[in-house]
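Bear in mind these aren't lab numbers, they're just calculated from the coordinates by the rules spelled out. Just so it is clear, the structure is predicted and the values come from calculations on it, not from any experiment. All Cβ positions, glycine included, derive from the backbone under ideal geometry; neighbour counts span all protein chains shown.
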Amino acid sequence: QWFNQDTDMEVAPQIQAHISEKLEEPMHPDPQTFDDLKISNPLVQCLRAHKILKPTEIQRLAIPHILQKKDCAVIAPTCAGKTLTFLLPILQDLQQSPEHYHTLILAPTRELAYQINEQFSILCAVFNLFSSLFIGGQDILQQNGLLEDGFYVMIATPGRLVQVLQSRPREQIMQRMQKIKFLVLDEADQFLTGSQQFNDDVSFILDFLPKAENRQTLLTTASLSNEMAEMLHGSRFQLIKTEKQLPVNLKYKFYVVPQDFYMSTYLIYFIEKITGFQIIYDSDLQENTSKIKNPSFQQCLIFVNSPHQCELINRVLLKFQLKSTCIHSILKMEQRIQNINSFKTRQSQFLVATDVAARGLDIPGVELVIQLNTSGTVEEFMHRVGRCARGADEGLIINLIQVGDALRLRTFEQKLGIQIKNITEIEDFVQNGKIQKINDEFVVRNYFAKVIRAEKEIKVEMLDQNVGLKLQRKGK
């Protein structure tokens, strides 16, 4: 429906090769500045005020095509600057002709939509422009009013926008939405190849917009899946892609945890040894303290696979007096934003998260990502590790896995062209950087009893607070 084509599912590798051949060179022979990219002087000055001095590779490649009103599919790794790649041309067009109902930007998660809205608000402040944010967890009546009052840019998650559109007379909504000039699908692979609900919601929204030939459509993603490649093959989209898939400044490690019920135990062990946090326990777990000696990593992001595990691990870290917070789909939106900001401002040094934090979120300063059981697909793996070492920082990825996950990691290595090394020894920053071999018997003997006792207490607390019941009701 979106691309007017019917492509054989078995030709994905050939399509990927075709896409690589179709990549375009930038219009300017060698654009090194935003001036070279024909960005207006007021916007350039605004960027300089925020210390954004040079365009990134994907911005140099894509912005000239977007300014020429081409439909573009922009594929670049996390931290490549994709958000500015579409915001700058939109702002430039708005600066020249500030019209209401100008742009619709769809994002797959509330957190990403909120972040895009923040970035747009910073850039557009000097131009007297404004955006409207339509996401779940906020007052839908107020959002109905925003649609009535008008906006320059609407930033939304599909589910909430569908609710808003359904709450108003269709003809009235059509009159407004038919004015849209730009449509952006950020993290487009989620919309194109994700759940059927995403597909249905986006299709419903597209029915309100001008036809494809009467608007400009931009797709961005960090990972080009075979399914998305098939959809784009032969379509109207100009395909623009950078060479690298992941930041080059990452080191990848893994360790096979003997049994799944030891996962929290090994997490605490690795946190203590690698980050430089020295966790001191007392016999009653009442006065646990954590001290920093020669900290190697200041900010650590821990990925888990379910909201229940997210709550449990976060509370384990808090039990040992580590400054931790968490984010998952069951938390209210206000709490999610508060927790993310706590991590961004370094009030919290650990963020335990499900995949709601894996896409698009820009959290500078994350030097360490730990995965408890690896992600299911190579795309999920890319997005998770892409939260680390954003910009020029270096980063370390540690995968705590079970034996059955090892083959999946090898598949990720082959597809991404990386090497994930087994951890056989560890540098103990608490003991003055001494190198020591990892001994499973030592870890279990010295850590397991304390961690399992903490977990039992936490599970009782969660039961008393109906936390587990709330998670179960949500079907998570």
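Assorted remarks:
- For the range 90-130, the tally of residues that are without any contact (Cβ under 8 Å) to a residue 40 or more places away in the chain and surrounded by 20 or more Cβ atoms within 10 Å (Cβ to Cβ) stands at 3.
- The residues of the range 326-346 that are part of a helix (DSSP H, G or I) and in contact (Cβ under 8 Å) with a residue 40 or more places away in the chain, listed by number, are 333, 334, 336, 337, 340, 343.
- Meets criteria (among the aliphatic types (A, V, I, L, M) and farther than 27 Å from residue 389 by Cβ) for residue 91: yes
- Residues of the range 66-88 that turn out to be without any contact (Cβ under 8 Å) to a residue 60 or more places away in the chain and not hydrophobic (A, V, I, L, M, F, W, C), as a count: 2
- In the range 247-271, the residues that are in contact (Cβ under 8 Å) with a residue 12 or more places away in the chain never reach a residue that is of a type in the set (S, T, N, Q) and part of a helix (DSSP H, G or I) with C-beta atoms less than 6 angstrom apart, at least six apart or across chains.
- Identity of the residue in the range 302-325, of a type in the set (D, E, K, R) and not in a loop (DSSP other than H, G, I, E, B), that ends up nearest to residue 272 (Cα to Cα): 319
- Odd one out for residue 243, checked against (1) at positive phi; (2) within 22 Å of the chain's Cα centre (by Cα); (3) not hydrophobic (A, V, I, L, M, F, W, C): (1)
- Considering 161, 146, 192, the condition of being assigned to a helix (DSSP H, G or I), within 19 Å of the chain's Cα centre (by Cα) and not polar (S, T, N, Q) is satisfied by 192 alone.
- Of 362, 355, all but one fail to be out of contact with any Phe, Trp or Tyr (no Cβ under 8 Å at 6 or more places or on another chain) and closer than 24 Å to residue 221 by Cβ; the exception is 362.
- Test result for residue 203, in contact with an Asp or Glu (Cβ under 8 Å, 6 or more places away or on another chain) and at negative phi: no
- For the range 210-222, the tally of residues that are of a type in the set (A, V, I, L, M) and surrounded by fewer than 18 Cβ atoms within 10 Å (Cβ to Cβ) stands at 1.
- Test: residue in the range 377-391 that is polar (S, T, N, Q) and either buried (at least 20 other Cβ atoms within 10 Å of the Cβ) or within 20 Å of residue 117 (Cβ to Cβ) (or both): no
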